[in-house]
1. Which of the residues spanning the stretch 15-36 are hydrophobic (A, V, I, L, M, F, W, C) and more than 20 Å from Cys50 (Cα to Cα)?
2. Go through the stretch 1-48 residue by residue and tally those that are closer than 19 Å to Glu59 by Cβ and within 14 Å of the ligand (Cβ to nearest atom).
3. Is it true that some residue in the stretch 41-58 is assigned to a loop (DSSP other than H, G, I, E, B) and at pLDDT below 90?
4. Hey, among the residues in the stretch 33-57 that are surrounded by 13 or more Cβ atoms within 10 Å (Cβ to Cβ) and small (Gly, Ala, Ser), which one's nearest to Trp11 (Cα to Cα)?
Amino acid sequence: MEKTKTKHAYWIHIRIPSDQFISGYYYSRQCTCSNCGCECNVEKEICPECGAIMDQKPEAKK
Ligand SMILES: [Zn+2]
């Protein structure tokens, strides 16, 4: 059996502008896989679509 390359990705949360938050926005509960782009209602450890392990961190902006 061939070992499939393990993919690593992370969930992208959409930022929604809102005046009701001090920050001026909030993050949608909906999240998108950074690898295949599928949308999920909850963050899962492994993407149900592409099987990527969601242990990466989005690039932090400073
Ligand atoms: Zn995916």
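1. Here is the first cut: in the stretch 15-36, the residues hydrophobic (A, V, I, L, M, F, W, C) are 16, 21-22, 31, 33, 36.
Within the stretch 15-36, Ile16, Phe21, Ile22 meet the criteria.
2. Adding up the residues that qualify gives 15.
3. Kept after step one, since they are assigned to a loop (DSSP other than H, G, I, E, B), are these residues of the stretch 41-58: 41-45, 47-52, 54-58.
Add one more test, that the residue is at pLDDT below 90, and what stays is 57-58.
Checked against the condition, which is being assigned to a loop (DSSP other than H, G, I, E, B) and at pLDDT below 90, the stretch 41-58 yields at least one hit.
4. Ser34
The values are calculated or read from the model by the stated rules, or taken from the named source; none is laboratory data. These numbers come from a predicted model, not from an experiment. Virtual Cβ from ideal backbone geometry, glycine too; neighbours counted across all protein chains shown.
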